[in-house]
Amino acid sequence: MKTLVALAALLLTLNACGSDGEDAATDPGPAGDSPAMPTDPPVPSGQVRSAHLATVMDTGTPELCLGPVAESYPPQCGGPAITNWDWAQHGHDMFDEQGDIRWGTFAVTGTWDGTAFEVSETVPGPLYDAPAVEPSTMPTPAASYSEAELEAVATEVRDLPGAQGSYSNGTTVTAEVMYDDGSLQAWADEEYGAGVVLVSSLLVDA
């Protein structure tokens, strides 16, 4: 983000030099030094659950795929290891397999230590009843960014700890992470301005 701030400062200087007393433009972004991006993933104090159905992919080690899944056969995805997954606890009609590869969709509950997931409860996709989605409370963006700037922001937030993907909708940026206790959102609000980046936690407190 420092590159964007430097560019904005240069443009402000040029505008001020040619304004002949007119009001100078103001930088829509947050002022002051940029806070350092967090490097350690937030760790919940208790159990968490998947916010949506997740894909459990097993090509040798069961992994919890909360991010994008390639629509191939078998599907392709990656994620943190599930330390205690046992396919024998799930009926054969609840997952697919091809050779030694097994996969299925599940809602999972368990513990997340920032690196691996230990499952305590699962609901297979065919039996899952999705909870009602609460309306978004995302505030109106406090700063205005161009489409190119938002794409740059989307690229930057892919370095957040636990990031699974990010995208811009032309007005704001959504950054999907494994888990956020609120600290990642707080950093994004301070770095880019409130309402510019929505940090979406794929694991939520149970």
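The values are calculated or read from the model by the stated rules, or taken from the named source; none is laboratory data. Note that this is a predicted model, so its numbers are computed, not measured. Here the Cβ positions follow ideal geometry from the backbone for every residue, glycine too, while neighbour counts run over all protein chains shown.
The residues of the range 85-103 that are touching a residue at least 40 places away in the same chain (Cβ under 8 Å) and part of a strand (DSSP E or B), listed by number, are 101, 102, 103.
Could you list, in sequence order, all residues of the range 86-132 that are of a type in the set (A, V, I, L, M) and farther than 19 Å from residue 179 by Cα? Hits for the range 86-132 are 88, 94, 101, 123, 127, 130, 132. Restricting the range 121-155 to residues that are of a type in the set (Ser, Thr, Tyr) and either part of a loop (DSSP other than H, G, I, E, B) or not assigned by TED's automatic domain parsing to the domain that holds residue 110 (or both), which is nearest to residue 85 (Cα to Cα)? In this case the residue turns out to be 128.
For beta carbons closer than 8 Å, sequence separation of 6+ or different chains, a first residue in the range 168-189 that is in a loop (DSSP other than H, G, I, E, B) and a second that is of a type in the set (D, E, K, R), the qualifying pairs are 170/147. Within the range 104-113, identify whether any single residue is in a loop (DSSP other than H, G, I, E, B), surrounded by fewer than 14 Cβ atoms within 10 Å (Cβ to Cβ), under 18 Å from the mean Cα position of the chain (by Cα) and of a type in the set (Asp, Glu), and answer yes or no. Yes; the residues of the range 104-113 include at least one that is in a loop (DSSP other than H, G, I, E, B), surrounded by fewer than 14 Cβ atoms within 10 Å (Cβ to Cβ), under 18 Å from the mean Cα position of the chain (by Cα) and of a type in the set (Asp, Glu). Among the residues of the range 69-80, is any in a strand (DSSP E or B), of a type outside the set (Lys, Arg) and closer than 17 Å to residue 203 by Cα? No: zero hits. Here residue 57 passes the criteria (1) in contact with a helix residue (DSSP H, G or I) (Cβ under 7 Å, 6 or more places away or on another chain); (2) outside any loop (DSSP other than H, G, I, E, B) except the one numbered (1). Do the conditions hold for residue 144, that is, is it in contact with an Asp or Glu (Cβ under 6 Å, 6 or more places away or on another chain) and not acidic (Asp, Glu)? No, not satisfied. Of the residues making up the range 54-76, those that are on the phi < 0 side of the Ramachandran plot and more than 15 Å from the chain's Cα centre (by Cα) number 15. Taken over the range 170-186, the residue count meeting the criterion of being modelled with pLDDT under 95 and not hydroxyl-bearing (Ser, Thr, Tyr) is 1. The residue that is surrounded by the most Cβ atoms within 10 Å (Cβ to Cβ), among those in the range 119-155 that are out of contact with any helix residue (DSSP H, G or I) (no Cβ under 9 Å at 6 or more places or on another chain) and within 21 Å of residue 96 (Cα to Cα), is 119.
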